[in-house]
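What follows is one structure encoded as structure tokens, with my remarks underneath.
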């Protein structure tokens, strides 16, 4: 893996750690650089500002979740795996607490190009006819995370209801 790509991955991981501690609004590029073990200049070589970096982090997280679902051996397993990733995400939980307006903007389906990626990913994993139901179930977990037992039970029930 190229140095530039490793730096970018480290920056995004550092950003996620900082966001888990203080939320997105209170996060800053200096703390993110320190967590990523790169210079602040390196962070700015990759991202023009914090907003661009957070947008990139969000996109990478969405792609990560879609890939988890695609790699699962069954629909139920995909539902459970994605549910656990959403419900146990410390950065997301902190943002719900500290940045509720930003989270609300994200969970409101809109015209942002990322929603197309989400819709296509969910349709590929769960079928086009099931996409809306599955998406709503996942979005509900952003504000009300599920326990592991709840994820297991609900993913089994939802999988059996999918067409």
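Odds and ends about this structure:
- Scanning the stretch 1-18 for residues that are modelled with pLDDT of 95 or more and more than 14 Å from residue 44 (Cβ to Cβ) returns 9, 10, 12, 13, 16, 17, 18.
- Condition met for residue 80 (crowded, with 19+ Cβ neighbours inside 10 Å and farther than 28 Å from residue 157 by Cα): no
- Whichever residue in the stretch 124-137 is in contact with a helix residue (DSSP H, G or I) (Cβ under 6 Å, 6 or more places away or on another chain) and modelled with pLDDT under 95 and, among such residues, is nearest to residue 84 (Cα to Cα): 135
- Verdict on residue 116 being surrounded by fewer than 14 Cβ atoms within 10 Å (Cβ to Cβ), under 24 Å from residue 8 (Cβ atoms) and modelled with pLDDT of 95 or more: no
- Search result, residues across the stretch 48-76 that are under 19 Å from the mean Cα position of the chain (by Cα), more than 30 Å from residue 163 (Cα to Cα) and free of Cβ contacts under 8 Å to residues at least 40 places away in the same chain: 50, 51, 52, 54, 55
The values are calculated or read from the model by the stated rules, or taken from the named source; none is laboratory data. Please read these numbers as outputs of a predicted model, since none were measured by experiment. In this analysis, Cβ positions are derived from the backbone assuming ideal geometry, glycine residues included, and neighbour counts consider all displayed protein chains.
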